[in-house]
Amino acid sequence: MTIAQDLEAHFEDTVTRDRRIEPRDWMPERYRATMVRQIAQHAHSEIIGMQPEGNWITRAPSLRRKAILLAKVQDEAGHGMYLYSAAETLGADRADLTEMLVTSRQKYSSIFNYPTLNYADVGVIGWLVDGAAICNQVPLCRSSYGPYARAMIRICKEESFHQRQGYELLMTMMRGTQAQRDMVQDAVDRTWWPSLMMFGPPDDNSPNTEQSMRWGVKRHTNDELRQRFVDMTVPQADKLGVTLPDPHLRWNEARGRYDFGPVDWDEFKAVVSGNGPCNAQRVAKRKAAHDEGAWVREAALAHAAKYESQNHRDEQSERSRPTPDPPVNDAPVNKGSRP
Amino acid sequence: MTDRGWPLYEVFLRGKRGLNHVHVGSLHAADPEMALHHARDLYTRRNEGVSIWVVRASDITASSPDEKDPFFKPSGDKVYRHPTFYDIPDDVPHI
């Protein structure tokens, strides 16, 4: 066996036995590239995902709702950071990833290219969009790539708050006026299909699925997860008192699952390739935030450099001082104190 | 000066008193002080820690994580370091 074959065999063996790949392990270049792409797209989705809801922070209907929404949007930022951190363990550079996002060379989830038109959208995003995200993400806690799996465990714990606050917000609105119930139904009508698209193209049109499953970077197929999401969501919709906008949606006794109508994959393709209602706006806003923050990043660095050289000088003058007398008493010296 | 300036810090958290610090991830910051503040905001939003260490990633010296690494071989053949290596009759108490 050559060294290359040996490394490859070791990698395959680790993955087949469902053990984790860790950052400095040897891995095939395609695995590395796949992981970087998957993690970066996921990170970008979290970061862009701050915008649709961030849109409503200043107009939240109460201080309670505002505090909740702020915490949620802050979590999305945090999730983006955990994920960029995981991508960096594969040798990706965070500045490069941001550059790829703001120049549209890497994608993010198409769901965030839809507008949030009323406050019920905040609730529907929590319920449906975060609900779909949870379906997608729970299996990723077992991703073969260790740092990604660990980031996902952290994220999934926090997503549960996101979904529940959304559902509670909607329950509150449904107990309100007819106008408020109409707002909820309107938001559901607009968000239902895009939520189903979040699971990606149907299995017969998902060429990378087989390899991804074998490598343990994907645990279930897109259609399987989509079905799981529908099955979970229908009873929640009933309880809430909203109608999911699909005339084909009905319980299939034989399958023990819900049948649902066809997804408009042309719309999905159009939105993914940049022609959704908000694509340009989302990327432009992210770019502006990055560009406008440049002076802060530079100033912080300049401050750090100045402080460091100051410290350095102090240390040197410390050293050139004559040695102090040894302590006269026997008080124990606090040696090796640790942070 | 470019955007690439902020160095990478690795973050270690003590979840509660009595536990060791555990590595939780990394972040970028201009200096150690800022790294601590960012670590608090990023990794302890829900009381996940009572103490944080941050260390410049470039200051860490690490072994290769690969199990096959001969680095860990020396302990492999020293079974006598484990208590189960020693046969003690069943009727000897408390050992």
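The values are calculated or read from the model by the stated rules, or taken from the named source; none is laboratory data. Source: prediction; values computed, not measured. Methodologically, a virtual Cβ is constructed for each residue, glycine included, from the backbone with ideal geometry; neighbour enumeration extends over all protein chains shown. Heads up: the accessible areas ignore ligands, DNA and RNA and are worked out on the full protein's heavy atoms, side chains in. Shrake-Rupley method; radii C 1.70, N 1.55, O 1.52, S 1.80 Å.
Tilt of helix B:32-43 relative to the longest C-alpha principal axis of chain B, in degrees (0 to 90, nearest 10)?
That works out to roughly 70 degrees.
Assign one of three labels to chain B, namely rounded, prolate or oblate, based on the Cα gyration tensor with a ≥ b ≥ c the square roots of its eigenvalues; rounded applies when a/c is under 1.5, prolate when it is not and a/b is larger than b/c, and oblate otherwise.
oblate
Applying 1/(1 + (r/R0)^6) with R0 = 41 Å to the Cβ-Cβ distance of A:Met213 and B:Arg17, what FRET efficiency is obtained, to the nearest 0.05?
Between A:Met213 and B:Arg17 the formula returns 0.45.
Please turn the phi angles of the stretch A:74-80 into ³J(HN,Hα) values with the Karplus equation 6.51 cos²θ - 1.76 cosθ + 1.60 (θ = phi - 60°), one per residue in order, whole Hz, x for glycine and proline.
Calculated HN-Hα couplings, in order: 5, 4, 4, 4, x, 4, x Hz.
With a probe of 1.4 Å, find how much accessible area chain B has per residue, and write the answer as a whole number in Å².
73
Please give the total accessible area that chains A and B bury against each other, computed with a 1.4 Å probe and expressed in Å² to the nearest 100.
2600
For the stretch A:167-278, what is the accessible area per residue in Å², given a 1.4 Å probe and the full set of protein chains?
Counting only protein heavy atoms, the per-residue value for the stretch A:167-278 is 52 Å².
How much accessible area does A:Cys156 have with a 1.4 Å probe, in Å² rounded to the nearest 10?
In the full protein context, A:Cys156 sits at about 30 Å².
Mind listing the phi-derived Karplus ³J(HN,Hα) values for the stretch A:6-16, rounded to whole Hz, using 6.51, -1.76 and 1.60 with θ = phi - 60°, and x for any glycine or proline?
4, 4, 4, 4, 5, 4, 4, 4, 4, 5, 5
Which semi-axis lengths, in whole Å and largest first, follow from the square roots of five times the eigenvalues of the Cα gyration tensor of the stretch A:1-65?
44, 12, 7
Positive end of the charge dipole of the protein assembly as shown (Lys, Arg +1 and Asp, Glu -1 on Cβ, about the Cα centre): tell me which of A:Phe112, A:Asn55, B:Phe85 has its Cα farthest that way.
Selected residue: A:Asn55.
If I model a spin label at A:Asp93 and A:Ala305 as a point 7 Å from the Cα along the Cα→Cβ vector, what separation in nanometres do I get?
1.7
Would you list which lysines come within 16 Å of A:Lys287, measuring only between C-alpha atoms, while excluding same-chain residues fewer than 8 positions from it?
Leaving aside lysines fewer than 8 places away in the same chain, those within reach of A:Lys287 are A:Lys107.
Magnitude of the Cβ-charge dipole of the stretch A:85-201, K/R +1 and D/E -1, about the Cα centre, nearest 20 debye?
Here the size comes out at about 300 debye.
Any idea what angle helix A:222-240 forms with the longest principal axis of chain A, computed on alpha-carbon atoms, 0 to 90 degrees, nearest 10?
It works out to around 70 degrees.
Straight-line reach only, C-alpha to C-alpha below 13 angstrom: list the aspartates and glutamates that A:Lys306 could link to, leaving out same-chain residues fewer than 8 apart.
List returned: A:Glu298, A:Asp314, B:Asp31.
Considering the dipole of the stretch A:134-185 built from charges on the beta carbon (Lys and Arg +1, Asp and Glu -1) around the Cα centre, which of A:Thr172, A:Cys156, A:Cys141 is farthest to its positive end?
A:Cys141
Once you have a ≥ b ≥ c as the square roots of the Cα gyration tensor eigenvalues for the protein assembly as shown, tell me rounded if a/c is under 1.5, and otherwise prolate or oblate according to whether a/b is larger than b/c.
Judged from the Cα gyration tensor, the protein assembly as shown comes out prolate (a/c at least 1.5, a/b above b/c).
Cross-link partners among lysines for A:Lys72, C-alpha distance below 18 Å, same-chain residues fewer than 8 apart left out?
Cross-link targets: A:Lys157.
What percent does the relative contact order of chain A come to when contacts are Cα pairs within less than 8 Å and at least six residues apart?
18
What angle, in degrees between 0 and 90 and rounded to the nearest 10, separates the Cα long axis of helix A:146-174 from the longest principal axis of the Cα atoms of chain A?
With both axes taken from Cα atoms, the answer is about 50 degrees.
Kirkwood Rh over Cα pairs of the stretch A:182-277 into Stokes-Einstein at 20 °C, 1.002 mPa s: D in µm²/s?
144
Just grab the label-to-label distance for B:Arg40 and A:Arg59, each label 7 Å out from Cα along the Cβ direction, in nm (one decimal).
3.5
Would you mind telling me the share, in percent, of accessible area of the stretch A:121-185 contributed by carbon and sulfur at probe 1.4 angstrom?
60
Roughly how many debye, to the nearest 20, is the charge dipole of the protein assembly as shown about its Cα centre, given +1 on each Lys and Arg Cβ, -1 on each Asp and Glu Cβ, and no other charges?
960
Which number do you get for Rg(Cα) / (2.2 N^0.38 Å) in the stretch A:77-130?
This ratio for the stretch A:77-130 stands at 1.42.
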